[in-house]
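Below: the structure, in structure tokens.
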Amino acid sequence: MNFIVVGCGRVGAELCYHLFKRGHQVLVVDIKREAFNRLHPDFRGRTLEGEGLAEGVLERAGIREAYGLAAVTNSDTLNAVVAHAARLLYNVPNVVARNYDPNLRSVIEAFGLQTVGSTYWGAQRVEELLMNPSQRMVYSAGNGEVEVYEVQIPYAWNGRTLGDVLTPFKQCYPVALARAGRASLPEAEMRLQTGDLLDVSTTFENIGTLTERLSKKAEA
């Protein structure tokens, strides 16, 4: 597949190498020639010096044959406009824009684009690890608004039902329950055992409340 990466900073260079290692054709665009020095020595894709929005640059990059485009420059505005043009004018099937400033996130979202907010997501992930290192996030959707967490059932809740644990929560959905290395789809009436690993889909705020609840002795 053909991919275009606009912006050869640290993220862009790493993305290019990842795509290249998977066997894809990759072309990276950057306004500064020296930016290409960040590319991995084994990278064998193409480079194109130029501004992503400059006339003819995307055409020369082969955007009409591109399967996907990632706009990952250090300018949120440029990322939004390049990604919007790729999708609207050239009908690129898969377009992603990187967001640096959380205050400008709504600008990119207004275009209806898929966005990766590294600053927002990174800050939230660090907060999760600081607040509760035993609380393991196994999947993150969007930019961390909804995630799947894995929590361990403590002795105090042995024998209680899954419904007993989750009933107080309106936005906490069980995904899987692993016991002795075997996973199953959880049901409300399922009896829990000490050491069970429960995967739940919820928000960062709710998972904190859930782990706090599990740390307390279950009411009879």
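Using the alpha-carbon atoms, what tilt in degrees (0 to 90, nearest 10) does helix 118-131 show relative to the longest principal axis of the chain?
Approximately 30 degrees, to the nearest 10.
From the backbone phi of the stretch 61-71, what are the Karplus-calculated ³J(HN,Hα) couplings (6.51 cos²θ - 1.76 cosθ + 1.60, θ = phi - 60°) in whole Hz, Gly and Pro given as x?
Ordered by residue, 3J(HN,Hα) equals 6, x, 5, 5, 10, 6, 7, x, 9, 10, 9 Hz.
Let's test the formula: R0 of 35 Å, r as the Cβ-Cβ distance of Glu51 and Val146. What FRET efficiency results, to the nearest 0.05?
Result of the calculation: an efficiency of 0.45.
Just to confirm, what accessible area per residue do you get for the stretch 40-193 at 1.4 Å probe, in whole Å²?
58
Place a label point 7 angstrom from the Cα of Glu59 along the Cα-to-Cβ direction, then list the residues of the stretch 73-103 whose backbone nitrogen is under 14 Å away.
90
Give, rounded to the nearest 20 debye, the magnitude of the charge dipole that the stretch 6-145 has about its Cα centre when Lys and Arg contribute +1 at Cβ and Asp and Glu contribute -1 at Cβ.
Values: 15 positive and 15 negative charges, 88 e Å.
So the magnitude is around 420 debye.
Provide the percentage of antiparallel DSSP beta bridges, counting only those with both residues in the chain; round to the nearest 5. Present the calculation step by step, with values, prior to reporting the outcome.
On the way: 20 of 41 bridges.
Expressed as a percentage, antiparallel bridges in the chain total about 50.
Work out the FRET efficiency for Ala156 and Met1 from their Cβ-Cβ distance, taking R0 = 45 Å, and round it to the nearest 0.05. Walk me through the intermediate numbers first.
Details: r = 51 Å, r/R0 = 1.13.
With a Förster radius of 45 Å, E is 0.30.
Assuming R0 = 22 Å, what is the FRET efficiency of Val126 and Glu205, from their Cβ-Cβ distance, to the nearest 0.05?
The calculated FRET efficiency here is 0.85.
How many nm is it between the label spots at Tyr139 and Glu14, if each spot is 7 Å from the Cα in line with the beta carbon?
Result for the modelled spin labels: 2.3 nm.
Please report the relative contact order for the stretch 43-136, taking Cα pairs under 8 Å with a sequence separation of at least 6, and give it as a percent rounded to a whole number. If you can, show how the numbers build up before the last one.
On the way: 111 pairs, mean separation 19.5, N = 94.
Answer for the stretch 43-136 is 21 percent.
For the chain, calculate the relative contact order in percent as a whole number, restricting contacts to Cα pairs under 8 Å that are 6 or more residues apart.
So the answer I get is 13 percent.
Given a 1.4 angstrom probe, I'd like the percentage of the accessible area of the chain that is carbon and sulfur, rounded to a whole number.
On the way: 6630 of 12640 Å².
In the chain, the share of accessible area belonging to carbon and sulfur is 53 percent.
The values are calculated or read from the model by the stated rules, or taken from the named source; none is laboratory data. Since we're looking at a predicted model, the values are computed, not measured. Glycine also receives a Cβ, built like all others from the backbone with ideal geometry; neighbour counts cover every protein chain displayed. Areas reflect the complete protein model, heavy atoms only, side chains present, ligands, DNA and RNA absent. Shrake-Rupley method; radii C 1.70, N 1.55, O 1.52, S 1.80 Å.
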